[in-house]
1. According to a simple spin-label model (label point 7 Å from Cα along Cα-to-Cβ), what is the distance in nm between Glu198 and Ala47?
2. In terms of Cα to Cα distance under 22 Å, which lysines are near enough to Lys40, apart from those fewer than 8 places away along the same chain?
3. Separation of segment 173-198 and segment 67-81 by C-alpha centroid, Å?
4. Would segment 105-175 count as rounded, prolate or oblate if I go by the C-alpha gyration tensor, calling it rounded below 1.5 in a/c and otherwise prolate when a/b exceeds b/c, oblate otherwise?
5. Roughly how many nanometres apart are two label points built 7 Å out from the Cα toward the Cβ at Glu127 and Glu97?
6. Stretch Val167-Lys4 to full length: gain in nm at 0.36 nm per residue minus the Cα-Cα span?
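Each value in this text was obtained by applying a stated rule to the coordinates, not by laboratory testing. Predicted model only: the values in this text are computed from it and were never measured. Backbone-built Cβ (ideal geometry, glycine too); neighbour counts: all protein chains shown.
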Amino acid sequence: MRNKRGIPLMVSGVLLIFCAVALVGYNTWEDRAAGADVQKILRQVEAQIAHGGAAQTAVLDEDAETQPLAAVASGGHSYLGVLDIPALGLTFPIMSEWSYPNLKLSPCRYRGSAAGGDLIIAGHNYESHFGRLKNLELGDLITYTDVDGSLYSYEVSDVVILDGSAVAEMSAGDWDLTLFTCTVGGRQRVTVRCDLDE
């Protein structure tokens with residue numbers, strides 16, 4: 001009798017292990033594909049940024065909220081600029097509007113603007129996107145270059161974990177730049193707060 005119950009349980013266990021391995025494999029493949037896609041888009045966006053020589057150090061503009069954000073097009077989407085995180089060896093084009101499908105392609109502007117001193121950027125937790133944000137340390141430098149060639153340099157001031165439902169807290173405070181992504185379980189948000197490095 002024990003043998004009759006043992007075989008179905010063993011088969012079920014093997015199937016569950018197979019499904020887990022398949023899921024990990026799919027997630028790894030999706031992460032690598034997203035990393036390759038974002039690098040291709042990055043090259044296209046960087047080619048369109050108005051450098052006119054070296055990037056110009058930007059200054060904040062109190063009237064930025066009333067002005068439309070300049071963008072360039074690539075692959076049917078619009079991009080506002082390029083985010084560089086040297087401590088993690090990551091550089092991304094920043095998509096102008098966030099949505100769940102857009103997050104699979106590239107980090108996206110959640111709200112605010114660099115010129116207004118309140119830019120919030122959301123990114124998928126792929127390792128090739130924002131999955132390593134939790135590894136940033138206080139004092140790490142981050143730069144953002146908008147499509148007009150203005151360069152904003154930031155310093156990491158805080159790395160916190162917010163509850164996934166803490167929508168108001170995401171934009172609370174006087175941070176010049178906020179980056180965030182989901183934790184692996186998706187219930188919380190790794191949130192990096194930055195101040196303009198003046």
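1. Taking the two extended label points, one gets 3.9 nm.
2. Within reach: Lys104.
3. Using only Cα atoms to place each centre, the spacing works out to 22 Å.
4. The shape class here is rounded.
5. 3.3 nm
6. 53.4 nm
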